Amino acid sequence: MDAPLLPAYGAATLADVLPSIASRWGFGDDVVGLPDADRWVVLLVDGLGERLLRARADRAPYLAGLLRDRRLTSGVPSTTATSLTSLGTGLAPGQHGIAGYSFRDPFGGGLLNALTWKDGLSALDVQPRLTVFERLEKAGVATSNVGLKRFAGSGLTTAAFRGARFVGCPEEADVARRIELAVDAALAGPRTLVYLYERQLDHCGHGEGWRSDAWADTLAFVDGLARALRLALPADVRLVITGDHGMVDVPRERQVVVEHEPDLLADLTLVAGEGRLRQLYTDRPDAVARRWSDRLGASAWVRTRDEAVDEGWFGPVSAQLLPRFGDVLAAMASDDAVMTLSQPKELSLVGMHGSLTPDEMRVPLLVD
């Protein structure tokens, strides 16, 4: 079994992108190697893995033409909620505490789904650290978040991007309007930072798999969107394009359903995360880790939380945030997944992510 691909926090992860831009205005250092500029647009394409882009470069000539030797990874888990919060805060998961797609609710018990959020739960309570946008706004940089109107004020938007002026677009399909809003935001002052989110590639990958024709067609659409955005932006505005994670297609016969395996369920109080990286909560982590390791063998990297922290999966972990991460982590090393009937929608997924394989972890850093 190959070793997991560990993030180089502080040097080459999503968490290092905005701080590197902010270094232009006196905040920290540029560790990812960006050109000089005072106006920036960051386009985050959900599900745009670097290795996936290279494999289908023929369908994305603009994006593929920007591939260089810059190498980034997501954090761990390689999933949207964790990655977007790392991007927006400039922090590793162990410092911002959005510990995955779902994780133990630090306040009410049970599970916190970081995409749907719970009614009445304050994002400030869950993630109180300053975002990069808050820091830059205080320094006089005009920051904006161009997204769908329905994401305004959501838990994840507040946790990851508060401080940025939210610019809502009513219709996702209105690409021309989204580009117009991004251009206007980029020109809102002499120093600007604009965040723009595109989600359709990830949705297609989950439903059809990244090796499908539908995924390739969606990648071609994203390529056209990115190119049109670049053409609409003035020359002095730098465009950065990246992703939050890649993806692995999981055959149905490679899915293990945890409820069908009594030995896997034994001693668990909660099953969180997603099929490619399960976070297991238990009072007997060593026993659970042994059973899961014996059952999954070479198809998974199974670690106790202490082992994962020592290996650097989450970066430095605040003691207050430590209990959010699973007592045991089961990360898939091949094209397998561990599913749970408690999240029935995931049983229909083809493309999945969350683990520490190169296909899931590597994301591009494209600059134009």
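Output the 0 to 90 degree angle, nearest 10, between the alpha-carbon long axis of helix 285-296 and the longest principal axis computed from the alpha carbons of the chain.
The helix 285-296 is inclined about 90 degrees to the chain.
Jot down the per residue volume, in cubic angstrom and as a whole number, of the convex hull over the alpha-carbon atoms of region 57-106.
Value for region 57-106: 101 Å³ per residue.
When the chain is modelled as a GNM with alpha-carbon springs shorter than 10 Å, which of G88, G108, G97 fluctuates the most?
Of G88, G108, G97, the most mobile in the Gaussian network model is G108.
Name the shape class, rounded, prolate or oblate, that the alpha-carbon gyration tensor gives for region 238-290, where a ≥ b ≥ c are the square roots of its eigenvalues, rounded holds for a/c under 1.5, and otherwise prolate holds if a/b is larger than b/c and oblate otherwise.
oblate
Among F107, F325, F27, what's the order by accessible area (1.4 angstrom probe), most exposed first?
Result, largest first: F107, F27, F325.
Need one number: % antiparallel among DSSP beta bridges in region 80-221, to the nearest 5.
25
Name the most mobile residue of D184, D335, D223, meaning the one with the largest mean-square fluctuation, in a Gaussian network model of the chain with Cα contacts below 10 Å.
Per the Cα network of the chain with a 10 Å cutoff, D184 tops the list.
Setting aside same-chain residues fewer than 8 positions from K118, which aspartates and glutamates have a Cα under 15 Å from its Cα?
Once the sequence-local aspartates and glutamates are set aside, what remains near K118 is D105.
Just report the Cα centroid separation between region 270-334 and region 75-150, whole Å.
When both Cα centres are located, 21 Å separates them.
Taking Rh as the Kirkwood radius, which is the inverse of the mean 1/r over Cα pairs, what is the Rg/Rh value for region 232-351?
Reported Rg/Rh (Cα atoms, Kirkwood Rh): 1.09.
How many nm is it between the label spots at R129 and R252, if each spot is 7 Å from the Cα in line with the beta carbon?
4.2
Calculate the FRET efficiency for S122 and D69 from the Cβ-Cβ distance with a Förster distance of 30 Å, rounded to the nearest 0.05.
0.10
Which peptide among 169-177, 131-139 comes first, and what is the full order, when sorted by highest mean count of other Cβ atoms within 10 Å?
Going from most to least packed, we get 131-139, 169-177.
Roll a 1.4 Å probe over the protein heavy atoms and report the accessible area of L341 in Å², nearest 10.
80
Using a Gaussian network model of the chain with C-alpha springs under 10 Å, which one of G100, G205, G110 is most mobile by mean-square fluctuation?
Maximum among the listed residues: G110.
Which of the aspartates and glutamates could a cross-linker span from K345 if the Cα-Cα distance has to be under 13 Å and same-chain partners fewer than 8 positions apart are dropped?
Cα-Cα hits under 13 Å: E274.
Where the eigenvalues come from the Cα gyration tensor of the chain, what are the semi-axes √(5λ) of the equivalent ellipsoid, largest first, in whole Å?
They are 33, 22, 18 Å, listed from largest to smallest.
Given only helices, namely DSSP H runs of n ≥ 4 each adding -39500 (n - 2.57), what is the per-residue ellipticity at 222 nm of the chain, to the nearest 500 deg cm²/dmol?
-8500 deg cm²/dmol
Taking a quarter of the surface of the convex hull around the Cα atoms of region 1-130, what do you get in nm²?
Quarter of the Cα hull surface area: 10.4 nm².
On C-alpha positions alone, give me the angle between the axis of helix 175-186 and the longest principal axis of the chain, in degrees, nearest 10.
Taking Cα atoms only, the helix is inclined about 70 degrees.
The values are calculated or read from the model by the stated rules, or taken from the named source; none is laboratory data. Keep in mind the model is a prediction, meaning the values are calculated, not measured. Here Cβ is always computed from backbone atoms with ideal geometry, including for glycine, and neighbour counts include all displayed protein chains. Keep in mind that these areas ignore ligands, DNA and RNA; they rest on the heavy atoms of the full protein, side chains included. Shrake-Rupley method; radii C 1.70, N 1.55, O 1.52, S 1.80 Å.
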